[in-house]
1. Give me the residue from region 104-159 that is surrounded by fewer than 19 Cβ atoms within 10 Å (Cβ to Cβ) and of a type in the set (Phe, Trp, Tyr) and, out of that set, farthest from residue 91 (Cα to Cα).
2. If we keep just the residues of region 145-158 that are hydrophobic (A, V, I, L, M, F, W, C), modelled with pLDDT of 90 or more and in contact with a Lys or Arg (Cβ under 7 Å, 6 or more places away or on another chain), which is nearest to residue 105 (Cα to Cα)?
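The values are calculated or read from the model by the stated rules, or taken from the named source; none is laboratory data. Given the structure is predicted, the values throughout are model-derived calculations rather than measurements. Reconstructed Cβ throughout: ideal geometry from the backbone, glycine too, with neighbour counts over all protein chains shown.
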Amino acid sequence: MAVAFAYPQTEQSPSPTMGDAPTDKRPTRRRWLRATVLVFIIAVLANLIVIGIMVSGGDPASTVTVHPQAQPLPAPAAAPALPPGLATTFGEGKFTVGTDIAPGTYRTTGPSGRLNCYWARLKRTGGPTDSIIRNNLGRGPATVTIDAGDGAFQTRWCSAWTKVS
């Protein structure tokens, strides 16, 4: 015994002629590509925003805003006598306070030619981001006071730091 299924009949539209637009509503390859590129751009922008929030610590009160000064910086005062081996001028890197660098106030002229100048006072030399006491990412000159109780000081993309007091 054979079973035949009956499908409802629909009215067929006439096939398009030379001047008519196709009636197929599927997205074209070009539309799909545009949508994919748009979604990719949105994802990249969202990631950049998240990275910016992570770098700033997510807490605007914990960052320091540095404004460029109109007048030139005064000449550094004579530094007090330091134990041998402690640097009073240093560049990019992570430095142990009291071993590599002396505690005190340091200045930099700003970025070393790329992006922004990043610095962080740290509780210890290693570990997660919860060891950050204070940090900043800025475009202009910066001044930071490194306490004797700080474990380390880290800097990236900044010009040389010089001890001023």
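1. This residue is 118.
2. 146
This table checks each residue for (1) at pLDDT 85 or above; (2) in a loop (DSSP other than H, G, I, E, B).
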position: 61; (1), (2): no, no
position: 81; (1), (2): no, yes
position: 85; (1), (2): no, yes
position: 95; (1), (2): yes, no
position: 106; (1), (2): yes, no
position: 115; (1), (2): no, yes
position: 118; (1), (2): yes, no
position: 124; (1), (2): no, yes
position: 137; (1), (2): yes, no
